[in-house]
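Peer 1: First, the structure itself, so that you have it in front of you.
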Amino acid sequence: MNEFLYFYLGPIVRVIDGDTVVADIDLGLHTWIHGERLRLARINTPEVRGEQRTAGLAARDYLAGLVLGKEVYIHTIKDTKEKYGRYLAEIGIERDGAWFSVNDEMVLSGHAVYQEY
């Protein structure tokens, strides 16, 4: 039963970088959270500033192409926040009737690497 906890739907309203998005989250029962920052769990992307800027902007733009303005599945990791106050989340979109992990796609596309917390 616990595998079904912490699943939500909502549109991605902003992409900050390759592993951080802002979502409006439908909690159910006509209850929403607007403007919630989410950190994509298990992955890390280059920064959009400094020496990694070019790769960071490419990662951000790739992620935006996948999710910006689209309703996504959001699975937060036990509804806990990381050190910058963002919820860790798996983001998914539906493709051809199946669940598609955006987190894994960022790695498969070469824009991110897997990371342990």
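Peer 1: Quick check on the stretch 43-52. Is at least one of its residues surrounded by fewer than 18 Cβ atoms within 10 Å (Cβ to Cβ), touching a Lys or Arg at 6+ places or on another chain (Cβ under 7 Å) and of a type in the set (D, E, K, R)?
Peer 2: No, because not a single residue in the stretch 43-52 is surrounded by fewer than 18 Cβ atoms within 10 Å (Cβ to Cβ), touching a Lys or Arg at 6+ places or on another chain (Cβ under 7 Å) and of a type in the set (D, E, K, R).
Peer 1: In the stretch 31-86, what residues are among the small types (G, A, S) and either under 12 Å from T20 (Cβ atoms) or not in a loop (DSSP other than H, G, I, E, B) (or both)?
Peer 2: G35, A41, G50, A55, G56, A58, A59, A64, G65, G85
Peer 1: Also, I was wondering about something else. Going through the stretch 47-105 one residue at a time, which ones are modelled with pLDDT of 95 or more and among the β-branched types (V, I, T)?
Peer 2: Passing the criteria: V48, T54, V67, V72, I74, I91, I93, V102.
Peer 1: Please tell me if I91 is open to solvent by 30 Å² or more (accessible area, probe 1.4 Å) and either more than 15 Å from G10 (Cα to Cα) or in a strand (DSSP E or B) (or both). Steps first, answer last, please.
Peer 2: Working: open to solvent by 30 Å² or more (accessible area, probe 1.4 Å): no; either more than 15 Å from G10 (Cα to Cα) or in a strand (DSSP E or B) (or both): yes.
For I91, the condition - open to solvent by 30 Å² or more (accessible area, probe 1.4 Å) and either more than 15 Å from G10 (Cα to Cα) or in a strand (DSSP E or B) (or both) - is not met.
Peer 1: Mind listing just one residue for me: the one in the stretch 31-42 that is out of contact with any His (no Cβ under 9 Å at 6 or more places or on another chain) and open to solvent by less than 10 Å² (accessible area, probe 1.4 Å) and, of those, nearest to Y114 (Cα to Cα)?
Peer 2: L40
Peer 1: If you take the residues in the stretch 16-30 that are free of Cβ contacts under 8 Å to residues at least 40 places away in the same chain and either on the phi > 0 side of the Ramachandran plot or outside any strand (DSSP E or B) (or both), which one is least open to solvent (accessible area, probe 1.4 Å)? Talk me through it step by step, then tell me what you get.
Peer 2: Taking the stretch 16-30 as the starting set, the residues that turn out to be free of Cβ contacts under 8 Å to residues at least 40 places away in the same chain are 22, 24, 26-30.
Okay, now just the ones that are also either on the phi > 0 side of the Ramachandran plot or outside any strand (DSSP E or B) (or both), so 28-30.
Working: G28: 26, L29: 162, H30: 185 Å².
Step by step, filter the stretch 16-30, then rank; the result is G28.
The values are calculated or read from the model by the stated rules, or taken from the named source; none is laboratory data. Everything numeric in this text was worked out from a predicted model, so none of it was measured. When we count neighbours, we look across all protein chains shown, and the Cβ atoms used for this are built from the backbone with ideal geometry, even at glycine. Note: areas computed on protein heavy atoms with side chains; ligands, DNA, RNA excluded. Shrake-Rupley method; radii C 1.70, N 1.55, O 1.52, S 1.80 Å.
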